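Contents: one structure, followed by commentary.
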Amino acid sequence: MASLSSLSTVPITTTSLSGRTRSPLFSKTSSHRFKVSCNASSADENPNLILPNTSLNMQNVDRRNLLLGLGGLYGAANLTNIGSASAYPITAPDDISDCVDANSGINDPDRAFRGLKCCPPASATGPIDYVLPEFSQLRIRPAAQRLTPEYVEKYKAAIAIMRALPEDNPHSWKQQGKIHCAYCNGAYNQEMNGHPELQLQIHNGSLFYPFHRWYLYFYERILGKLIDDPTFALPYWNWDNPTGMMLPSVFEDPGPNGNPRTNPVFDPFRDVKHLPPTIIDLQFRGQESGLNCVDQISANLSTMYGQMVTSATSTDAFFGTNPDPVNGTPGTIESGAHTSVHIWTGSSRMPNHEDMGNFYSAGYDPVFYSHHANVDRMWKIWKDLKPNSNQDPTDDDWLNASYVFYDENKQLVRVYNKDCVDHNKLGYDYEPSRIPWIQSRPIPRVKASNIVAQSLGVVKKVEEIEFPVKLDQIVKVLVKRPATKRDENAKKIANEMLFLNGIKFNGEEFFKFDVLVDDVDDGIETTAASSEFAGTFAQVPHNHEHEMFMTSGAAFGITELLEDIEAEEDEYVLVTLVPRAGTEDATISEIKIQLVPIA
Ligand code: C2O
């Protein structure tokens, strides 16, 4: 445990439910050179307004439940998780020398210039079970667009020291980057559970949030140790707020001699089309959206609303499910905004879109850790939005899944999902930032369109289609609903969800398709700003098996969507799948709507 004796004297209060903790350390807003300039972003600088509850459905939240929500794991322990079952917890091997070279998710291994030898250096001891230190102060992660000059200096100094460490040091920049490659590109097997055929993969399912939380935790603690400042906290890339919707300028600052290459947090393998002040596209398809600044920001905000609220109506929908070779699903943010930020940031000129655009190389770009800090922040925000229903997974396999890391003292340790569900116990929190997307509930293009009635007899029903269906062109199909005219009570008991199962695609390519519900084909593109946009499924190149194709499911809540477009009385829903990238050889084997009980 690092000594806390050098803690600064700045008092940091324990966070309240909505994270209103605020450290005076980060109250200045001085170092960002670029400001989002279009009107939609004005008035977004007030970080004190966190959860305007105007458009959120929080009527069932009573005080007791709010407190229950705060309890994280403990508060949620007796609720049942729906729909995810695997027979064993995912566990990184005890003997890290069992690690093999990464072998999958790469187009052409010879061109994987970052290297596929991703195994950690050997350890004489361990792994031992990690014991969380008692933290007397929280490390407050600042929003990257609001960093103070003092903070920027400290951050760059820490990364510079990390980069200067010898490559075989477990704290070195190279070794830290390799962690991602090892856990995502097939370096570990599940041998100790009697499944040598299964590779350890922490994406595309419910291990996604906890694995990355632990990864960032140790990365942050190591950086703090390197500069002897245990209060050091990673900056988060606040891409869900208009003021943060561009690559944070700190990552592209010129270094001491005026050249960005001497800036320790610079990475040469980023897309030059996407440097500040280009606004990020949270629905990135591999090509520019063509939207102007105002429209791009509002599309991004609607995307956030859709992935955090409309479709993320259950634990499984938000986290993804436990690993399952056919119907396992990634969570809404993982396969949505998270993937977009990776692909948008990585260099389109590199063979594997290094660094951010491929999992094997993403960990070598310092911005990766800021991207994932915001992903991690979404976990916290999602739970705060509806504490009585938005709960962590509670099945034993998930709770006992574990990973192995080197801690800040170079001790090899094993950590468990169950120990990271309360981020405050890990000693950190986030500097507050407004979440304006709460007010960006998408708007229907057409209400009560009658499109389903017009499609009957014209568009095939699911049962008339021969599966698997190819995704090389737009797919339209009528899907029967389990119930119509669901009243408020019925909606309190169960979520209506659209499931796409057995999605088979080339895991070595960027892959994306959008899902529309009751979309009227009038030549106007339906974007995430419209209620008819049910969700997206997008994957950063990687792979589960020693083969090119991987299979996954996808799930989206549609209760609120059907209300918005006034289609609650319809017996069928018209589902449209719109290919966006890498879909040429992709197929899908099942489309259905089910009611999923609310925990
Ligand atoms: Cu492990 Cu953003 O990926």
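Yes/no per residue for (1) out of contact with any Lys or Arg (no Cβ under 9 Å at 6 or more places or on another chain); (2) surrounded by fewer than 19 Cβ atoms within 10 Å (Cβ to Cβ); (3) closer than 25 Å to L301 by Cβ:
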position: D521; (1), (2), (3): no, yes, no
position: A554; (1), (2), (3): yes, no, yes
position: L574; (1), (2), (3): no, no, no
position: Q594; (1), (2), (3): yes, yes, no
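Just wondering, is there one or more residues in segment 368-376 that are more than 22 Å from P276 (Cβ to Cβ) and within 12 Å of the ligand (Cβ to nearest atom)? Spell out how you get there, then give the answer.
So in segment 368-376, the residues more than 22 Å from P276 (Cβ to Cβ) come out as 376.
Going one step further and asking which of them are within 12 Å of the ligand (Cβ to nearest atom), we end up with 376.
Yes, that holds for at least one residue.
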Legend entry - Selection status of N322, modelled with pLDDT under 95, more than 17 Å from L498 (Cα to Cα) and buried (at least 20 other Cβ atoms within 10 Å of the Cβ): yes
Inset, instruction - Count, please, the residues in segment 341-356 that happen to be closer than 10 Å to F284 by Cβ and either surrounded by fewer than 24 Cβ atoms within 10 Å (Cβ to Cβ) or within 11 Å of the ligand (Cβ to nearest atom) (or both). - result: 4
Inset, instruction - Take segment 453-468 and flag every residue that is in a helix (DSSP H, G or I) and closer than 26 Å to T583 by Cα. - result: S455, V462, E463, E464
Legend entry - Test: residue in segment 446-468 that is crowded, with 19+ Cβ neighbours inside 10 Å and of a type in the set (D, E): no
Legend entry - Qualifying residue in segment 236-247 (condition: away from the ligand (no atom under 16 Å from the Cβ), modelled with pLDDT of 95 or more, farther than 29 Å from R441 by Cβ and outside any strand (DSSP E or B)): no
Inset, instruction - For segment 192-204, indicate whether the set of residues that are part of a helix (DSSP H, G or I), within 16 Å of the ligand (Cβ to nearest atom), modelled with pLDDT under 95 and open to solvent by less than 20 Å² (accessible area, probe 1.4 Å) is non-empty. - result: no
Inset, instruction - Could you check how many residues of segment 422-437 are touching a Lys or Arg at 6+ places or on another chain (Cβ under 9 Å) and among the aliphatic types (A, V, I, L, M)? - result: 1
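Sort through E590, E584, E568, E563 and tell me the only one that's surrounded by fewer than 21 Cβ atoms within 10 Å (Cβ to Cβ) and without any contact (Cβ under 8 Å) to a residue 60 or more places away in the chain. Can you show your working first?
Details: E590 fails: without any contact (Cβ under 8 Å) to a residue 60 or more places away in the chain; E584 fails: without any contact (Cβ under 8 Å) to a residue 60 or more places away in the chain; E568 fails: without any contact (Cβ under 8 Å) to a residue 60 or more places away in the chain.
Of the residues listed, the single one that is surrounded by fewer than 21 Cβ atoms within 10 Å (Cβ to Cβ) and without any contact (Cβ under 8 Å) to a residue 60 or more places away in the chain is E563.
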Legend entry - Among residues of segment 400-413, those that are modelled with pLDDT of 95 or more and open to solvent by 10 Å² or more (accessible area, probe 1.4 Å), counted: 5
Inset, instruction - Answer with yes or no whether I558 is crowded, with 24+ Cβ neighbours inside 10 Å and either closer than 25 Å to M356 by Cβ or of a type in the set (A, V, I, L, M, F, W, C) (or both). - result: yes
Inset, instruction - Determine whether D487 is surrounded by fewer than 17 Cβ atoms within 10 Å (Cβ to Cβ), out of contact with any helix residue (DSSP H, G or I) (no Cβ under 9 Å at 6 or more places or on another chain) and within 14 Å of E584 (Cβ to Cβ). - result: no
Legend entry - Pairs, first free of Cβ contacts under 8 Å to residues at least 12 places away in the same chain in segment 353-371, second near the ligand (Cβ under 10 Å from one of its atoms) and open to solvent by 10 Å² or more (accessible area, probe 1.4 Å), C-beta under 7 Å, six or more apart: none
Inset, instruction - Answer with yes or no whether D228 is away from the ligand (no atom under 13 Å from the Cβ), closer than 30 Å to P276 by Cβ and modelled with pLDDT of 90 or more. - result: no
Inset, instruction - Looking for whichever is acidic (D, E), within 16 Å of the ligand (Cβ to nearest atom) and either open to solvent by 20 Å² or more (accessible area, probe 1.4 Å) or under 19 Å from the mean Cα position of the chain (by Cα) (or both) here; the options are E334, E288. Which one fits? - result: E334
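The values are calculated or read from the model by the stated rules, or taken from the named source; none is laboratory data. Since this is a predicted model, take the numbers as computed values, not measurements. Positions of Cβ are backbone-derived with ideal geometry, glycine not excepted, and every protein chain shown enters the neighbour counts. For accessibility, only protein heavy atoms count, side chains too; no ligands or nucleic acids. Shrake-Rupley method; radii C 1.70, N 1.55, O 1.52, S 1.80 Å.
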